[in-house]
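Just below is one structure, and these are the notes that go with it.
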Amino acid sequence: MADLSFKDFATDQEVRWCPGCGDYSILKGVQRALADGGSKPENTVFVSGIGCSSRLPYYINSYGFHTIHGRAPAFATGVKLANPELEVWVITGDGDGLSIGGNHLLHALRRNVNLNVLLFNNEIYGLTKGQYSPTSRPGTVSPTSPDGSVDHPLSPGQFAIGAGATFFARSVDIDQKTMPGLLIEAKEHEGTAFVEILQNCIVYNKDVFDDVAAKKTAVETQIHVQHGQPLLYGKDNGKGLRLNPQSLSLESVVLGEDGVTEDDILVHDETNPTLALLLANLHGPTAMGVILRRKQASFESAYWDARPTERRKKVVELLHTGNLLDRRK
Amino acid sequence: MRASFFTQKIKVQQEHAGKISHVVRFAGDSGDGIQLQGQQFTVASALAGHDLATMPDFPAEIRAPAGTRYGVSAFQIQFGGDRITTPGDEPDVLIAFNPAALIVNLGHLAPHSMVLVDESAFTEQRLKRADLASNPLEDGTLANHEVVKIDITHLTIEAVKPHGLGNKDAVRCKNFWALGLILWMFDQPREPTQEWIKAKFANNEQIREANLTALNAGHAYGENTEFSQVLAQEHIPEAPLDAVEYRTITGAESLALGIVAAGELADTELMFCSYPITPASSLLHHLTGLQDAGVGTFQAEDEIAAVCSAIGASYAGKLGVTSSSGPGIALKTEALGLAVVTELPLLVVNVQRAGPSTGMPTKTEQSDLYQAVYGRNGDTPLPVVAARSPADCFDTAIEAVSIALRHMTPVILLTDGYIANASELWPIPDFDQYPTIDTCRPDENATGSVFQRNPQTHGRIWASPGDERFVYRVGGIEKDIVSGNISYDADNHQAMTDLRRAKVESVADFIPPQTLDQGLTGGLGVVAWGSTYGTVYQAVKDALNSGLQVGHVHLRHINPLAPNLGELLARFETILVPELNNGQLATLLRDRLNVKVEQLNKVSGQPLTVTEVRAEIQRLASPHMQEVGS
């Protein structure tokens, strides 16, 4: 079969997100990753829950299952157990994945089911018209928090790493330069690859990520981490991250100032969950790229390694076992 | 054999009813091995050729404080030389290991029963533990019964002394000592228990030999004391059994085998996804032991994840199965709607327990019928079937899976705590005679939309990821009846609603006509479902023998009902529906068939007794004129 282009992963369904929604660019990024990564429509399944993000499977030419609110990781686990050969993507949002479905996401992560979980984080409930979500910043004004929300937000990366994630990456909806490649890396990871995608809800939480995502300032507000490379960012890589051993935190420093040299800058080790946690929670700059990646057998491979994959015992045999009384003479 | 009061009683029964059967109840602390004694006695009884039915009755507490009333665990068995369909209303032999076990079970006993107690357990401290001000062995409490006091604890300690166990381990052998004695009393074989002990304690010679010694010592005690006229051995004749192989089976075992069998008949692999809950967990345990028979088991993080992962498995081409009890089924409800709407096969087992809410998890009830038939948002019908006995779970599981795969629908199978834990003697069916199960899998020439449907069953094509002909998307949003794309069209939603109703109604075209299980039409019809089968069977049989015009109709199909049921019920003058709820089948029958029904309801966590059903039959039925065959 000839190589597929990203258009081969589009369906004939009209895309129904609001004009200007960040989901459009994510959809493009996903389709490009599927094409560039050699995915096959017939062997790929997109599973989603409920919410704006969860409409995405209808727009991808592959098998798709739009399920119920928060439960996509559970459905996807069943798909994967039934047929471990399939490439399974889970599409969820901050409400779907971290509020109503937090439990299932937690358990998919700790089991390390071989899923690619894309969490579209727009820090708001979009489809129900703008209520604050578990990732909304304190003080978010919404129909259910007219005086500003008082809840403390959840950090998706911290949640995932705390649950025992083996892969955590972050991207921004409009960053189509790096997103397809990042998604291919997620796909190639054995186990749950959890990707947080900062997504702009143009209607209910417009530009909430401007402090991170705005293209003009991105070079100063984002750090694209790479395994084995020093954690440098900014114009001409003039800034970097240093570990403060007193506070066990990362601090942003300027090379050449106060005697800081490249030797002071931390080198990214994506296999280190402790560093990953620091990077996941860092603001100013915000870390992008593969923040954590470590090796661990996937749940379904361990599951099927431990039991027969085919029927060995016949029912006739099973029926005639136990405490038998034979009256056939 | 010397005649004791007890043996006199047996003779009286024999002469009176022309049969011999006994109801024996073992009772003690959770830690006394009561359930084990019961199970071993059951096996011995089966191998002696007796028909039997059992009922474990245990507390929710795993190891309740010793000697308390609420910590009493019991096991009841009826066995004998005739057809046995219930564990018996009233024990005629009670083995009580402590004062609490005696006192909480005393009310269950038939008059003039034999009460065998471990005398050494009736100390002042343990009487107090059981909230007893005086010793029931001495205060006249047992005046109507024949009491056999044996110092079981000390006799056990003496017997196992040569094995050098510590006092605690020595005392723990007393369950086998008592079992040895009871086996002797009814002339049942010791060999199965000896084999069990040898296998169980294969790696611990000391414990193994001590338990074997205790078993044999209890047996020898019976032989020796026969001369003292305290006890007499009774030989129970064999039941009239068919020339097939039999086995003992619990409902949980039978259901597990039935699920696996259905998979083999459908040539379909199964994924059983469940979450522990009393009394459904035993199904998960049994299926986990059958993973080399085409079923994978998955313990999910919660009830919702269990049903969702099962549906995911069905989407991916295996048959998803999930199980729970009422509270867990409530949690699965939203996902069941998704399975209905996406037209996927799924088996959902509800092992009902006493509700509402947490209710009484170890006690039985039939109060989830409304939940099964009606309990979802939207117009969301699905088929419901119910098993009538432990062994019947096998065929009911096959029937439920057949419906799910033929019509592409979730199916709810109702059992209950009683069925799950009870056991009976089962003539093993000839599995080669079972027809294969049809599925909606696409044949090799199929192509196009997966929403092409079989005109008879309304089942859509069960295509799965990996098949390049059918790459499709589906979800919980209403879909176009032809293309499967999202549709908010008004006429389409009406058409889909009609389709979902027609699908469930079409199940009735494939199920066998409802038959009369026993008895006569024309007078009183006793219409029942689920675990009341054995009780109703016996009560109707008794009523027929006493000349009443009564018939027994037992339903497997709850939704839809068998197509001829209305016509069959019209042949009765009066209809009585006995059930362990406040009238749920009664309501369904009135709703679906517009019939007038009388109710017999019991919601106490305990099964109906034959006496209760018989009394109601006697109240409602008239004498018949016809001859009744046996």
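Since every read-out is calculated from the coordinates, none of them should be taken as a lab result. Quick caveat: nothing in here was measured; it's all calculated off a predicted structure. Virtual Cβ from ideal backbone geometry, glycine too; neighbours counted across all protein chains shown.
List of remarks:
- Legend: ranking of residues A:217, B:297 from fewest to most surrounding C-beta atoms inside 10 Å; resulting order A:217, B:297.
- Rg to Rh, two decimals, where the range B:2-229 supplies the alpha carbon set and Rh follows Kirkwood: 0.95
- Whole-number D in µm²/s for the range B:247-433 (Stokes-Einstein; Kirkwood sum over Cα pairs; 37 °C, 0.692 mPa s): 208
- Note on the range B:247-433: with charges restricted to the Cβ of Lys and Arg (+1) and Asp and Glu (-1), its dipole about the Cα centre is near 360 debye.
- Normalised by the number of residues in chain A, the average gap of Cα pairs under 8 Å and 6 or more apart makes the relative contact order 15 percent.
- Cα centroid separation, the range A:12-65 to the range B:504-547 (Å): 54
- Per-residue [θ]222 nm for chain B (sum of -39500 (n - 2.57) over DSSP H runs n ≥ 4, rounded to 500): -11000 deg cm²/dmol
- The range B:518-620: C-alpha gyration tensor shape, a/c 1.5 cut-off, then a/b vs b/c: oblate
- Long-range Cα-Cα pairs in the range A:92-156 (distance over 14 Å), rounded percent: 56
- The coefficient of translational diffusion for the range B:256-347, derived via Stokes-Einstein from the alpha carbon Kirkwood radius under 25 °C and 0.890 mPa s, stands at 191 µm²/s.
- Between 0 and 90 degrees, the angle of helix A:102-111 with respect to the longest Cα principal axis of chain A falls at about 80 degrees.
- Sorting A:203, B:553, B:307, A:290 by the number of Cβ atoms found within 10 Å of their own Cβ, with the fewest placed first, yields A:203, A:290, B:553, B:307.
- Using a Gaussian network model of chain A in which every pair of alpha carbons under 10 angstrom is joined by a spring, one finds that among A:127, A:154, A:115 the greatest mean-square fluctuation is at A:127.
- Above 46 Å, the calculated P(r) of the protein assembly as shown contains 40 percent of its Cα-Cα pairs.
- Our helix-only sum for chain A, with -39,500 (n - 2.57) per DSSP H run of n ≥ 4 divided by its residues, gives a mean residue ellipticity at 222 nm of -6500 deg cm²/dmol.
- Summing charges over neighbours of residue A:252, with a neighbour being any other residue whose Cβ is under 13 Å away from its Cβ, gives -3 when K and R count +1 and D and E count -1.
- Taking the fewest neighbouring Cβ atoms within 10 Å as the starting point, the ordered list for A:298, A:48 is A:298, A:48.
- Cβ charges +1 (Lys, Arg) and -1 (Asp, Glu), total dipole of the protein assembly as shown, debye: 460
- For the range A:221-316: relative contact order, % (alpha-carbon pairs under 8 angstrom, 6 or more apart): 29
- C-alpha center-to-center spacing [the range B:246-288, the range B:290-311] in angstrom: 11
- R0 of 56 Å, Cβ-Cβ distance residue A:327-residue B:494: FRET efficiency to nearest 0.05: 0.45
- Eligible lysines near residue A:177 by straight Cα distance, threshold 20 Å, same-chain separation 8 or greater: A:7, A:28, A:187, A:215, A:216, A:235
- Angle in degrees between helix B:303-315 and the longest Cα principal axis of chain B, rounded to the nearest 10: 50
- Cα-only radius of gyration and Dmax that characterise the range B:342-465, units Å: 17.3, 53
- Rounded, prolate or oblate (a/c below 1.5 giving rounded, otherwise prolate when a/b exceeds b/c) for the range A:49-126 by Cα gyration tensor: oblate
- Per-selection Rg to Rh, chain A - Cα, Kirkwood hydrodynamic radius: 1.06
- Largest-first ellipsoid semi-axes for the range B:40-95, taking √(5λ) over the Cα gyration tensor eigenvalues, angstrom: 26, 11, 9
- Gyration tensor analysis over the Cα atoms of chain B returns equivalent ellipsoid semi-axes of 48, 29, 21 Å (largest first, whole Å).
- Straight-line cross-link reach from residue B:602 at under 16 Å between alpha-carbon atoms covers these lysines, not counting any fewer than eight positions away in the same chain: B:363.
- Residue B:598 paired with residue B:444, simple spin-label distance in nm, labels 7 Å along Cα-to-beta-carbon: 6.3
- Taking the longest Cα principal axis of chain B as reference, the axis of helix B:326-341 is set at about 20 degrees.
- The base-10 log of I(q)/I(0) for the range A:1-106, evaluated at q = 0.22 Å⁻¹, reads -1.20 [Debye formula, identical scatterers on Cα atoms, solvent excluded].
- Whole-number Å³ per residue for the convex hull built on Cα positions in the range B:156-258: 145
- Label-zone membership for the range B:425-455, site residue B:482, 7 angstrom Cα→C-beta point, backbone N under 15 Å: B:448-453
- Residue-normalised convex hull volume from the C-alpha trace of the range B:456-586: 167 Å³ per residue.
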